[in-house]
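Right, one structure below, let's go through it.
The values are calculated or read from the model by the stated rules, or taken from the named source; none is laboratory data. What you see is a predicted model; the values in this text were computed from it and never measured. Here the Cβ positions follow ideal geometry from the backbone for every residue, glycine too, while neighbour counts run over all protein chains shown.
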Amino acid sequence: MGKGKRTRLQNAGRKEEMRRQQQQQQQRRRRNRIIGISIGAVVAVAAIGFGTKYAIDQQRLQSGDDLRATIMLESENYQVTGTMMSVYTNSLYQSYVSQYGQYLSYLGLDTTKSLKDQEYTADQTWFQYLTSSAETNAKKYLVLAEAAKEAGVSLTDGEIDNIEKGLEGTDPSYYGVGVNEEDVKEALLLQGLAVKYENMMKNGMTYTDDEAEKYYEENKNDFLSCDTLTYTFSYSDDDSDKDAMSRKEAQVAANGLAACTDEESFTKWLEDYLKENSDEELSEDDLKSKLDACKSTLSYTEGDETSEWAFGDDAAVGQTHVAEDTDAKTFKVTMLLSLPARSEATTVDVRHILLTADRYGSDDKAKAKAEELLDEWKNGDATEESFAELAGAWSEDGGSSLNGGLYTYVTEGSMVEAFNDWCFDSSRKAGDTGIVKTDYGYHIMYYVGRTTPQWEATAFTALQSSDYSDKYDSLSDTYTVTAYEDRFDSIPSIT
């Protein structure tokens, strides 16, 4: 074979091999593309599956369907669902937010983080603490609702309607994820029935003057108080602190004030001291404010040095006492202005119906409604009982509406000014009515009477509290409540 032909055959063989290799590479690329497309399709399907599941889970969470179908606590005739439990839990949370506001951080509560991720104590998260407190409340509602049912007690149509009116315009999300208006209503109706029956139980517990006197004699120090003048001198052990008094200087000043023998000399000594030692000139108003702040009422505290002195057998008006607190680095000077005694000031019982501009749209409309309701009552049988029914059906005061608007043993100065002034008007007599405007709204007033001295009211309240506690313990033994605590964590955190 000649060299040229052999070369041509070799070239032809290499070309054939190259074509074969190219075909194999193309087949591999095609196969890889098919495999890649298949894997991509699987991943895409999986992604779609996960996305769909997430969307469905979120939809169910937002709807509250699963939570609503979950029983958290139950008694024989009543249940607390997951959404109702969310209402009770988040009501407590919202109370914290409302009460402490900007100071929540001092409690260790961050409203931007999940309650389930924040420690309340070393052993408990904020979520666990709130649900535990809500569980205690829910158990109480169930026990009292069962007792009410057996006693034939229920909410009236007016009371139910009043609860429903209170929900108008309310955003259910305030009470948690997935909660709707019907959930809030169910929670409040159960709570309302419990509160109504609790009030009925307490109102039925009455006591004689002799029982009050006996309780007083057995617990005398709980009732006694005395008027005092008190001023505290602070000192520092740090010699470099030139602005602070030394211990010796504070002691000398305290002993100087303690040498005074009556209210007038005590006040004059302190007035001169404040003027001389103030960093800037004090106005008459500033000085009066500082002196007024020295007046206080002292109650008995076992083990407290000043308290033990004031309540001792040898105490006398005009006497002074100096108490040093080495931890706080202070000397406290106290003068007795009166000997310990029980308060004989009379208290009043009053009913009221609160109407607010929030519900009626304006002050004028709330006032007009108050006048309409009062006229309606006057044109009826105009009794205390009918006024109580009206309060249950219309009052927006959650603390008294289910007790017929009743506040008992009201002490002078304990209510807002206009309310207080109406109640303690010297001309007031039983059965008086009127309308009072306060920052809360318009109050339709009904004066029950003024008969009970403050000390006796305190005794009656203490006796009632003890007897109610015993009665409730008996009811809780009678009516079984089952709590499914392992389900509580299914409640979404509101934050």
**Asked** Out of all the residues in segment 61-94, which are small (Gly, Ala, Ser) and either assigned to a helix (DSSP H, G or I) or crowded, with 18+ Cβ neighbours inside 10 Å (or both)?
**Response** 63, 64, 75, 82, 86, 91
**Asked** Looking only at residues in segment 312-331 that are touching a helix residue (DSSP H, G or I) at 6+ places or on another chain (Cβ under 7 Å) and not small (Gly, Ala, Ser), which one is farthest from residue 216 (Cα to Cα)?
**Response** 331
**Asked** How many residues, within segment 207-218, are loosely packed, with under 13 Cβ neighbours inside 10 Å and in contact (Cβ under 8 Å) with a residue 24 or more places away in the chain?
**Response** 1
**Asked** Could you say whether any residue in segment 470-491 is farther than 25 Å from residue 198 by Cβ and in contact with a helix residue (DSSP H, G or I) (Cβ under 6 Å, 6 or more places away or on another chain)?
**Response** yes
**Prompt:** Which pairs have Cβ atoms under 9 Å, sit 6 or more apart or on different chains, and link a residue in segment 452-471 that is in contact (Cβ under 8 Å) with a residue 60 or more places away in the chain and within 13 Å of residue 215 (Cα to Cα) to one that is in a helix (DSSP H, G or I) and of a type in the set (A, V, I, L, M, F, W, C)?
**Reply:** 455/212; 456/212; 457/212; 458/212; 459/212; 460/212; 463/212
**Request:** Consider residue 265 carefully, then state whether it is without any contact (Cβ under 8 Å) to a residue 60 or more places away in the chain and either out of contact with any helix residue (DSSP H, G or I) (no Cβ under 8 Å at 6 or more places or on another chain) or not assigned by TED's automatic domain parsing to the domain that holds residue 331 (or both).
**Result:** yes
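Condition check ((1) in contact with a helix residue (DSSP H, G or I) (Cβ under 8 Å, 6 or more places away or on another chain); (2) crowded, with 21+ Cβ neighbours inside 10 Å; (3) in a loop (DSSP other than H, G, I, E, B)) across all residues:
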| position | (1), (2), (3) |
| --- | --- |
| 389 | yes, no, no |
| 392 | yes, yes, no |
| 413 | yes, no, yes |
| 426 | no, no, yes |
| 430 | no, no, yes |
| 444 | yes, yes, no |
| 451 | no, no, no |
| 458 | yes, yes, no |
**Asked** Looking only at segment 116-147, which residues are more than 20 Å from residue 469 (Cα to Cα), in a helix (DSSP H, G or I) and in contact with a Ser or Thr (Cβ under 8 Å, 6 or more places away or on another chain)?
**Response** 116, 117, 127, 129, 130, 131
**Request:** Just one of (1) of a type in the set (Lys, Arg); (2) assigned to a loop (DSSP other than H, G, I, E, B); (3) crowded, with 21+ Cβ neighbours inside 10 Å trips up residue 113, so point out which.
**Result:** (3)
